[in-house]
Every structure is written in structure tokens, then in C-alpha cells.
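Read the structure below first, then the notes.
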Amino acid sequence: MSIARFSPFELVLLQSRSQVDTATLLLLAWVLVNRQPITDGQRRRRLAQVTAQFRHGHELGSVMDIAQSQDLQAIQLASEVLRKECTQERSLSIMHQAIALATDDGTLSLANHYILRFLADLLGVTPETLSTLFKELTGEALKGPEDISTEAYWRRHDPQYYERKAQEAAEKEQAQARAEEAERQQQAQRQEREQEKQRRRQEREEKARAKRERAQQEKAHRRQQKQQDSQQRHRDDQRHQHHEQRYKQYKQRPHAPPDRTSRALAVLGLTQGANRSDIRRAYRRMAQLHHPDRFFSESEQQVALASARFQRIKNAYDYLMQTYR
Amino acid sequence: MRDLYQRLALSPNATPQALQSAIEACQHNALKQDADAVLMLPERRDAYDSVHATVSDIGRLRSRLGLTHAAHWQGSVANDFSLPPDNAISRHDELVDRVSHAVTLYNRWRRFRGTWLFIATFGIGACAGLAAGVALCMRLWAA
């Protein structure tokens, strides 16, 4: 036993002269509510126009209010009444009215797509009958409802948004390209500056080296002059010998060696004044240290590196043996 | 039409933050793209929500009326919006029950009205007489 009070729609239904008409009225009002661009007054007038020959005998206002609130229980009750007490002809005419109401403005809203199909199922109208009826009434075939839950739907219905988005993306890309260009230029400038700096440093180093050499030469010269002074006291017959000695000294005097020789000496870990036996000893030691066979147990890369080093050492030694004396 | 909320395991009134995180965590790329396009913009979400509410209502109606396997209810809509049948009984039967209950009460009232009226009148008269007697006694006592 329920102690709940009668709902507004139940009261309307009990007071109605024809329950089927009242139930139909509610369902048609539901269809109208889901048709978007329409005011309440227009809705009521349209509903009154369609249901002119109904025999319910009560005000439309209360039913409109119930439909407006989308009261699921009232709609369920109306559907049950309709299913229970509707004849075949009556159901076709209801379908007719529902389609007319739903497509008044030429389009069928998404919600009404589903509502019309629900009514068709409720009233036992087959899909073929429904599409024929729809075609007769509107002159267009009944298409399936569009799927609002996909991106494709919004691409069709909201193209401005996607245009705007594409434009923004293009602008962003341009800005990025510009920024990259600027960065590349900056980098080029930086490199130039660095090169300039390096060149200057080299020049400075060369100057310093030249200065040092000049100083050494002068020193040697002074020493020689001193020797000369001391030798001035010696006999004249020694003069020839002296000349010879000077000539030898001149030849032995370390003038700037070619670059490759000093590099080859550096490879063997020697400095400028090394003689041939030093070079040979250094070469033997380095060759023992860097021979690729020593790295046999390690990775292939290690062996490759060692053989490259060994090659360099051997080249340096060969070069020195040919040219150095 | 799919139920994006159900597929993302969310309720239809989830906050935008919850939606965002659910979409980011989604493994299904097509669903992710669609949900991102439909639910992350407020006006689109409103449009989707209104259709979603109507279609869920229809799904509930269909499950209560036994129309979940009908000719016009197929594809992803039927998959996503067909609810399991709840135990709400037929509204029409309930209405008939309530009306008959009200009728029984009314009839009982009508049948016993004479008796009840007599008893009520007698009771009220007795109470009034008693009250009057007590008042009289009080006054005599005071005098």
C-alpha cells in the first residue's frame, strides 16, 4: 500500500475524459519541448492546433508544465496507457502528429530522433512504415541520427573553431621558424667571434715565441763574443781552427726546426735536443706500451685505438730516422 | 551515439579536472580524441549533456517497458544506454492500485458515516455536559 500522494499527471489522467488522449498529449508535448528554437506560447498554440479533435477535456497548461520538467515517471505512465489502449489506426495517426510536430521547422533535433524512434517502437510501427510516413510528411528520407559523441560531428557543425585552431597553429609554426632563424644567425656570429679570438691568440703565441728565440740568439751571440774576446789572446795560428770551430757552432746552433719534426718528437715524448739514440730508446718504450697485442684481451675498440696510436708512433719514428741527424 | 562518460568510467556531472585526467589516462586513441573534442569545450559539453540526458531517459523508459531489443534501438546507442531492468513496477498498475485503495477507503467511510456521526455527536454532547456540570459545581462551592 503506497501512501504517496497522486502526482499531477495522475490527477490529470484521472480527471480526463479520455486517458489515451491525455497520454498522447503528454508525449506530443515532450516532442515539442525537445524542439529547440520555440517559445512557450508558440508551443502551446501548436499543441492546441494539433490536438484540436482530442476529447480529454482539460487545460493544456498543466500537461505542458509536466512535459517541460521532463518527468520520467509521468512519461512512463503515459507510454503504458498508450500501449495498453491504442489501436493500429490510432497509433499511426499519433506517429503522424509526432512527426509533424518534430519537423515543423524543417529539421529534426537529435533528441527528437531518439524520441520518435522510441514512440515508433512503443506503438509497434516498423522501421519501413516509419520511414515511408516520414517521407510522405516531410519530403525527405529519414536519416539516422548524427553521432554527437564524435569529433567528426563537431568538425561538420563547428568548422570556425577548427579554422581558428589551424590558423593559430600556422602562426605558431611561423614564429618558431623565425626564432630558429634568429638563433642560427646568432650561433654563426658567435662562431665567427670565437674564430677571431683563436686567431688572435695564435698570433700572440707566435710573436712570443719569435721574441724568445730572438732573445736566445742574442744570448748565444754574446757568449760567442765573450769567447772571441778570450780567444783574441791566443796565437794567430790558432785562428784557422777558431774559424772552423765557429763554423761548426754556427751549424750546430739550433735554428727553428720544421714543424713536423717537433710534432714527431712530441709524439715520442721527447723535447727539442734529443739525439738519435734517445729517439730509438723512446720509440722502443712507446712501442712496447702501445702495441695493439697488449690490448688483445680487451674490446675491439680498444685494440683499434691502440693500433692507431702505434701507427702514429711508428710514423713519427720513421720520419725522424729519415730526416733527423 | 556513445556514452562517453560510461566509457571513461565517470559520472555525467564529473568536474572538468576529473574529465581531463580521465581523458589523459585513456588508452583508446579514437575514444581519447573524440572525448577531448566533445567534452573539453563547455558549450559542446552542454550540447552533448542535454542529448545524453534525453537518451538516458529513453534508455530507462525502454528498459522498464521491455523495449530494449526493439527495431529502432540498435547500434552503439542500444549498447551504451540500455540499462539493466530495475524493479520499478508498472506505473499504470501502481495508479490502478492506488485508485482502488482510495475507493475502498471512501466506500468504508460512506458505509460507516451514520454510525460514526452518531457516536461523535454523543461524545461531544457528553463532554459539553460534563464541562458545564463542573463549572456549576465550582461556582456553587465558591458562593
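Structure above, values below:
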{"read-out": "B:Ala35 touching a Lys or Arg at 6+ places or on another chain (Cβ under 9 Å) and either surrounded by 13 or more Cβ atoms within 10 Å (Cβ to Cβ) or in a helix (DSSP H, G or I) (or both)", "value": "yes"}
{"read-out": "Every pair of residues 6+ apart whose Cβ atoms lie under 8 Å, when the first sits in the range A:54-76 and is more than 14 Å from A:Ser16 (Cβ to Cβ) and within 14 Å of another protein chain (Cβ to nearest Cβ) while the second is among the polar types (S, T, N, Q) and buried (at least 17 other Cβ atoms within 10 Å of the Cβ)", "value": "A:Gln70/B:Thr54"}
{"read-out": "Tabulated pairs, the range A:28-51, first under 11 Å from A:Asp104 (Cβ atoms), second β-branched (Val, Ile, Thr) and not in a helix (DSSP H, G or I), C-beta under 8 angstrom, 6+ apart or interchain", "value": "A:Leu32/A:Ile38; A:Arg46/A:Ile38"}
{"read-out": "Sole residue being out of contact with any helix residue (DSSP H, G or I) (no Cβ under 9 Å at 6 or more places or on another chain), closer than 29 Å to A:Gln15 by Cα and facing another protein chain (nearest Cβ under 8 Å), chosen from B:His101, B:His92", "value": "B:His101"}
{"read-out": "Restricting the range B:95-138 to residues that are at pLDDT 90 or above and among the β-branched types (Val, Ile, Thr), the residue that is surrounded by the most Cβ atoms within 10 Å (Cβ to Cβ)", "value": "B:Val99"}
{"read-out": "Top-ranked residue of the range B:13-65 - restricted to ones that are within 10 Å of another protein chain (Cβ to nearest Cβ) and among the small types (Gly, Ala, Ser), ranked as nearest to A:Asp121 (Cα to Cα)", "value": "B:Gly59"}
{"read-out": "Any hit, the range A:99-107, residues being in a helix (DSSP H, G or I), surrounded by 15 or more Cβ atoms within 10 Å (Cβ to Cβ) and of a type outside the set (A, V, I, L, M)", "value": "no"}
{"read-out": "Residues located in the range A:273-306, provided they are surrounded by fewer than 14 Cβ atoms within 10 Å (Cβ to Cβ), outside any loop (DSSP other than H, G, I, E, B) and within 49 Å of the chain's Cα centre (by Cα)", "value": "A:Glu300, A:Gln301, A:Ala304"}
{"read-out": "Positions within the range B:66-79 being more than 7 Å from chain A (Cβ to nearest Cβ) and touching a helix residue (DSSP H, G or I) at 6+ places or on another chain (Cβ under 7 Å), in sequence order", "value": "B:Thr68, B:Val77"}
{"read-out": "All positions within the range A:129-165 that are among the hydrophobic types (A, V, I, L, M, F, W, C) and away from chain B (no Cβ under 14 Å)", "value": "A:Leu137, A:Ala141"}
{"read-out": "Lone unmet requirement of (1) of a type outside the set (Gly, Ala, Ser); (2) closer than 30 Å to B:Ala88 by Cα; (3) over 50 Å from the mean Cα position of the chain (by Cα); (4) within 13 Å of another protein chain (Cβ to nearest Cβ) for A:Asn112", "value": "(3)"}
{"read-out": "Condition met for B:Leu67 (outside any helix (DSSP H, G or I), buried (at least 20 other Cβ atoms within 10 Å of the Cβ) and aliphatic (A, V, I, L, M))", "value": "yes"}
{"read-out": "A:Glu194 closer than 30 Å to A:Ser131 by Cα and surrounded by 10 or more Cβ atoms within 10 Å (Cβ to Cβ)", "value": "no"}
{"read-out": "Complete set of residues in the range A:17-29 that are more than 17 Å from A:Gln76 (Cβ to Cβ) and surrounded by 12 or more Cβ atoms within 10 Å (Cβ to Cβ)", "value": "A:Ser18, A:Asp21"}
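Listed here are the residues, each with its yes/no results for (1) in contact (Cβ under 8 Å) with a residue 24 or more places away in the chain; (2) closer than 29 Å to B:Tyr48 by Cβ.
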{"site": "A:Asp121", "(1), (2)": "no, yes"}
{"site": "A:Thr126", "(1), (2)": "no, no"}
{"site": "A:Leu137", "(1), (2)": "yes, yes"}
{"site": "A:Ala177", "(1), (2)": "no, no"}
{"site": "A:Glu183", "(1), (2)": "no, no"}
{"site": "A:Arg190", "(1), (2)": "no, no"}
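Residues checked against (1) more than 52 Å from the chain's Cα centre (by Cα); (2) surrounded by 15 or more Cβ atoms within 10 Å (Cβ to Cβ):
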{"site": "A:Val31", "(1), (2)": "no, yes"}
{"site": "A:Arg35", "(1), (2)": "no, yes"}
{"site": "A:Ile38", "(1), (2)": "no, no"}
{"site": "A:Gly41", "(1), (2)": "yes, no"}
{"site": "A:Ala48", "(1), (2)": "yes, no"}
{"site": "A:Gln53", "(1), (2)": "yes, no"}
{"site": "A:Glu59", "(1), (2)": "yes, no"}
{"site": "A:Val63", "(1), (2)": "yes, yes"}
{"site": "A:Gln68", "(1), (2)": "no, no"}
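The values are calculated or read from the model by the stated rules, or taken from the named source; none is laboratory data. Note that the structure is a prediction, hence the values are computed from the model and not measured. Glycine also receives a Cβ, built like all others from the backbone with ideal geometry; neighbour counts cover every protein chain displayed.
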